[in-house]
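Each value in this text was obtained by applying a stated rule to the coordinates, not by laboratory testing. Remember, it's a predicted structure, so these values are computed and weren't measured experimentally. As a convention, Cβ positions derive from the backbone with ideal geometry for all residues, glycine included, and neighbour counts pool all protein chains shown.
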Amino acid sequence: MDNQELKGRVSLVTGASRGLGKAIAIRLASLGSKVAINYVARDEEAAAVAKEIESKGGEAIVIKANVADADAVKPMIRQITDKCGRIDILVNNAGIVKDSLLLRMPDEAWDDVINTNLRGAYLCTKFAMRSMMENSWGRIINISSLAGLLGNAGQANYSAAKGGLIAFTKAVAREAGARNITSNVICPGFITTDMTDKLPQEAKSMILSRIALKRFGTPQDVAELVAFLASERAGYITGQVICIDGGVV
């Protein structure tokens, strides 16, 4: 275990069975936070994340819930507060992609992406923030994307959801700031995950040519930024959009 600057804190990380969510959950746990690992489909992978945290001396609970469903989010939040007493840190990371050019996009692809990526953050924030307000301390960290800032061809639904998440973050920062709750949004660039590994090499080479640091990011890069924003050290940072993209030009 590393230093324990988050000891006594309770974190909820959505979409934490793999990729960015997994790295974030493990990093927060390494700093002493109890971590609730939310997921919707991958039972074994979520259990493996909890096992890894516990093997290193951390504490984790695993909760299966669809963040787009209010009837699932409410009991999830209740279960965490009943078991851990509070929620201090919320990382809205759960997200899906259903890419298609706009003229060919099925309505379901639009609705599903908006519901998971944007409505999910709304619901989790709405219910988790009650605990933060009771304790006059909280950290809300939303995972957006460069697509939310720049748009992306073939991802009108994803870009709209991630752009909406940026505005949502700023609104929450204004509403919650007086209660010592910060709200920030991270916009990762090209991060190596199972999803991006499937891209053809030609596409990867084109993307790499635009990155000043000449490498792709890792989930750990993003997890370190989340850990900072979750700490006391970031107590005067709120309403901010922070890009972590290696210098996309």
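Please figure out what share of the DSSP beta bridges in the chain is antiparallel and state it in percent, rounded to the nearest 5.
5 percent
More than 15 angstrom separation, counting every C-alpha pair in region 204-249; what % is that? Display every interim value, and only then the final one.
Numbers: 550 of 1035 pairs.
Everything past 15 Å amounts to 53 percent.
If contacts are Cα pairs under 8 angstrom and at least 6 residues apart, what is the relative contact order of the chain in percent? Could you put the intermediate results ahead of the total?
Numbers: 508 pairs, mean separation 44.9, N = 249.
With pairs under 8 Å counted, the relative contact order is 18 percent.
Expressed as a whole number of Å, what is the distance separating the alpha-carbon centroids of region 59-120 and region 153-226?
17 Å
Please compute the net charge surrounding residue 26, taking Lys and Arg as +1 and Asp and Glu as -1 over other residues with Cβ under 9 Å from its Cβ.
On the way: positive: 22, 27, 56; negative: 52.
Taking every other residue near residue 26 into account, the sum is +2.
Which aspartates and glutamates have a Cα lying under 14 Å from the Cα of residue 74, excluding residues fewer than 8 positions away in the same chain?
82
Note the per residue figure in Å³ for the convex hull of the C-alpha positions in the chain.
123 Å³
Based only on other Cβ atoms within 10 Å, what is the fewest-to-most ordering of 112, 88, 43?
On the way: 112 16, 88 23, 43 11.
Fewest to most other Cβ atoms nearby, the residues stand as 43, 112, 88.
Please grab the % of Cα pairs in region 1-65 that end up more than 14 Å from each other.
Details: 950 of 2080 pairs.
Across region 1-65, Cα pairs with separations above 14 Å total 46 percent.
How much mean residue ellipticity at 222 nm does the chain get from its helices, if each DSSP H run of length 4 or more adds -39500 (n - 2.57) and you divide by all residues, to the nearest 500 deg cm²/dmol?
Working: 9 runs with 110 residues, N = 249.
Taken over the chain, the calculation gives -14000 deg cm²/dmol.
Quick one: 3J(HN,Hα) in Hz for region 170-183, Karplus 6.51/-1.76/1.60 with θ = phi - 60°, rounded, Gly and Pro as x.
For region 170-183, the Karplus-derived couplings read 5, 5, 5, 4, 5, 6, 9, x, 5, 9, 6, 10, 9, 9 Hz, x marking Gly and Pro.
For region 103-246, what class follows from the C-alpha gyration tensor (a ≥ b ≥ c being the square roots of its eigenvalues): rounded when a/c is under 1.5, otherwise prolate if a/b is larger than b/c, else oblate? Numbers along the way, then the final one.
Numbers: a/c = 2.53, a/b = 1.43, b/c = 1.77.
Taking the square roots of the gyration eigenvalues as a ≥ b ≥ c, region 103-246 is oblate.
So what's the angle, to the nearest 10 degrees on a 0 to 90 scale, between helix 19-30 and the longest Cα principal axis of the chain?
The helix 19-30 is inclined about 30 degrees to the chain.
On alpha carbon coordinates alone, what is the Rg over Rh value for region 74-136, Rh being the Kirkwood radius?
Working: Rg = 15.4 Å, Rh = 13.4 Å.
Here the Rg-to-Rh quotient is 1.16.
Residue 198: which lysines have alpha carbons under 28 Å from its alpha carbon, excluding same-chain residues fewer than 8 sequence positions away?
Once the sequence-local lysines are set aside, what remains near residue 198 is 22, 51, 64, 98, 162, 214.
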